[in-house]
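To start, the structure under review is shown below, and the notes come after it.
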Amino acid sequence: MFGDRAFSFDPEFFLATVIAFVLAITVHEFMHAWSAFQLGDTTAAEQGRITLNPAAHFDPMGFIFMIFLALGIGFIAWGRPVPVNINRLRYGKVGFGLTALAGPASNLVMAAIMVAPIRFSDTELTGFAGLLASQIIFLNILLAAFNLIPIPPLDGSKILTGILPNFWFPYLARLEQYGIGILLVLLLLGGFTGYGLLFEMYRPVLDLFWNLIIGPTDLSGFYRE
């Protein structure tokens, strides 16, 4: 996921972003592991991934990039991917798609739960608590939208695998080895051209989720271009 802030160190923003990101990633990866287990694949469970302990989902490089993101520098960040064995899942590739969908769906649910008391009551966001709540809402929506891009290893490609006819499965599987490279090329092109190619790919979905969950709610302390 990406940050678009110009560099300017803000301790409260930094701390709120780190906390919000860790929560979003933890719930996201937990739901991948839990849904895979429910569908018959115990691979993630055997590795201790069905837990809300952030340490189980920690990726050193992803965390470093997350620090850059929290500092306001436009980088991608991630948690440790949950291993899923499609051959052990009930419903095969459909189960694979459902397991992938569980991650983004959990982020949307978390955002909706956080925004509910703000949107449907007179509750106001103020101070650090308000900034933290708004960052949790924003980063969960952003994480859900970004992960729905249909490029490996993002969840969107796995969901696509579950939807498309079996004919396409070998082609999508081969694309897996090039996915990271494709994402990096799109990211670099955006940096060189000044046009956020990758952002434009998920922006319509981000706007849709934003309007559905946030609506006209005023989130004080909330940053969005």
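Those residues that are at pLDDT 95 or above, surrounded by fewer than 17 Cβ atoms within 10 Å (Cβ to Cβ) and farther than 20 Å from Phe21 by Cβ, I need them from the stretch 87-121; list them, please.
Scanning the stretch 87-121 gives a single hit, Arg88.
Which members of the stretch 9-30 meet the condition of being of a type in the set (Val, Ile, Thr) and either touching a strand residue (DSSP E or B) at 6+ places or on another chain (Cβ under 8 Å) or without any contact (Cβ under 8 Å) to a residue 60 or more places away in the chain (or both)?
Of everything in the stretch 9-30, those that are of a type in the set (Val, Ile, Thr) and either touching a strand residue (DSSP E or B) at 6+ places or on another chain (Cβ under 8 Å) or without any contact (Cβ under 8 Å) to a residue 60 or more places away in the chain (or both) turn out to be Val18, Val22, Thr26.
Quick check on my filter: what residues within the stretch 31-74 are in a helix (DSSP H, G or I), hydrophobic (A, V, I, L, M, F, W, C), farther than 30 Å from Glu12 by Cβ and without any contact (Cβ under 8 Å) to a residue 40 or more places away in the chain?
If the condition is that a residue be in a helix (DSSP H, G or I), hydrophobic (A, V, I, L, M, F, W, C), farther than 30 Å from Glu12 by Cβ and without any contact (Cβ under 8 Å) to a residue 40 or more places away in the chain, then Phe37, Ala45 are the ones that fit.
Please go through the stretch 43-82 and give me each residue that is at positive phi and within 17 Å of the chain's Cα centre (by Cα), ordered by number.
Passing the criteria: none in range.
Any chance the stretch 162-185 includes a residue that's among the basic types (Lys, Arg) and in contact (Cβ under 8 Å) with a residue 12 or more places away in the chain?
No, that holds for no residue.
Scan the stretch 125-170 residue by residue and report those that are β-branched (Val, Ile, Thr) and either closer than 26 Å to Val18 by Cβ or in contact with a Lys or Arg (Cβ under 8 Å, 6 or more places away or on another chain) (or both).
Once the filter is applied, which keeps residues that are β-branched (Val, Ile, Thr) and either closer than 26 Å to Val18 by Cβ or in contact with a Lys or Arg (Cβ under 8 Å, 6 or more places away or on another chain) (or both), the stretch 125-170 yields Thr126, Ile136, Ile137, Ile141, Ile149, Thr161.
Could you run through the stretch 123-176 and say how many residues are under 26 Å from Leu69 (Cβ atoms), assigned to a loop (DSSP other than H, G, I, E, B) and of a type outside the set (A, V, I, L, M, F, W, C)?
4
May I ask you to list the residues in the stretch 102-122 that are assigned to a helix (DSSP H, G or I), of a type outside the set (A, V, I, L, M) and free of Cβ contacts under 8 Å to residues at least 60 places away in the same chain?
Answer for the stretch 102-122, where residues must be assigned to a helix (DSSP H, G or I), of a type outside the set (A, V, I, L, M) and free of Cβ contacts under 8 Å to residues at least 60 places away in the same chain: just Pro117.
Restricted to the stretch 206-220, and to residues that are closer than 17 Å to Met110 by Cα and either touching a Leu at 6+ places or on another chain (Cβ under 9 Å) or of a type in the set (Phe, Trp, Tyr) (or both), which residue is modelled with the highest pLDDT?
The selected residue is Phe209.
Quick one: which residue in Leu189, Leu164 is modelled with pLDDT under 80 and not aromatic (Phe, Trp, Tyr)?
Residue meeting the stated conditions: Leu189.
The values are calculated or read from the model by the stated rules, or taken from the named source; none is laboratory data. Note that this is a predicted model, so its numbers are computed, not measured. Reconstructed Cβ throughout: ideal geometry from the backbone, glycine too, with neighbour counts over all protein chains shown.
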